[in-house]
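What follows is one structure encoded as structure tokens, with my remarks underneath.
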Amino acid sequence: QVQLVESGGGLVHPGGSLRLSCAASGIRFSMYTMGWYRQAPGKERELVAIISRGESTIYADSVKGRFTISRDNAKNTVYLQMNSLKLEDTAVYYCGAGWGQDFYWGQGTQVTVSS
């Protein structure tokens with residue numbers, strides 16, 4: 001059974017930082033491209049960042065220079081370090097894992113940026 005379990009969300013002030021984690025089980029983690037996505041109220045889910053199995057990374061323009069995605073294959077975990085958070089970063093953040101035609105979602109973790 002595949003499980004992606006996100007953690008690390010919460011309430012933070014503008015300018016603050018959070019580190020999200022996504023622990024995967026039931027997949028050959030090192031083979032998967034891992035990603036973070038987010039969905040704000042009333043908006044569609046969007047890509048935040050992805051990291052390939054070769055550790056190449058892609059970021060949404062809105063988070064470049066502020067967010068960093070990384071992975072630890074020994075721990076089957078992908079991280080999203082979020083710095084200089086803005087009000088508009090408020091969303092449910094989802095972890096995704098993809099390889100070939102397989103794709104799995106986590107259940108999401110809420111990030112709220114508020115003064």
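Worth a mention:
- Label-reachable residues, segment 51-73, where backbone N falls under 14 Å from a point 7 Å from Trp99's Cα toward its Cβ: 52-55, 73
- Other-chain or far-sequence residues with amide H under 5 Å of Arg71's (modelled H): Tyr79
- Within segment 27-115, the GluC sites (Glu not before Pro) that combine a DSSP coil assignment with at most 13 other C-beta atoms in a 10 angstrom radius are Glu44, Glu55.
- Calculated FRET efficiency for the pair Lys86/Arg19, C-beta based, R₀ 22 Å, to 0.05: 0.85
- Protection-proxy order for peptides 90-102, 60-72, each taking the mean of Cβ atoms within 10 Å per residue, highest first: 90-102, 60-72
- Rounded accessible area per residue of the chain, 1.4 Å, Å²: 53 Å²
- For segment 1-55, the list of trypsin sites (Lys or Arg not before Pro) that fall in a loop by DSSP and count at most 14 other C-beta atoms within 10 angstrom reads Arg28, Lys43.
- Full extension of the chain between Ala40 and Ser52 yields a length gain of 1.8 nm, computed as 0.36 nm times the residue separation minus the alpha carbon distance.
- Distance from the alpha carbon centroid of segment 1-31 to that of segment 77-104 works out to 7 angstrom.
- Here Lys43 is the anchor, and the aspartates and glutamates within straight C-alpha reach of less than 15 Å, apart from those fewer than 8 places off in the same chain, are Glu88, Asp89.
The values are calculated or read from the model by the stated rules, or taken from the named source; none is laboratory data. These numbers come from a predicted model, not from an experiment. All Cβ positions, even for glycine, are placed from backbone atoms using ideal geometry, and neighbour counts span all protein chains on display. All accessible areas refer to the heavy atoms of the entire protein, side chains included, with ligands and DNA or RNA removed. Shrake-Rupley method; radii C 1.70, N 1.55, O 1.52, S 1.80 Å.
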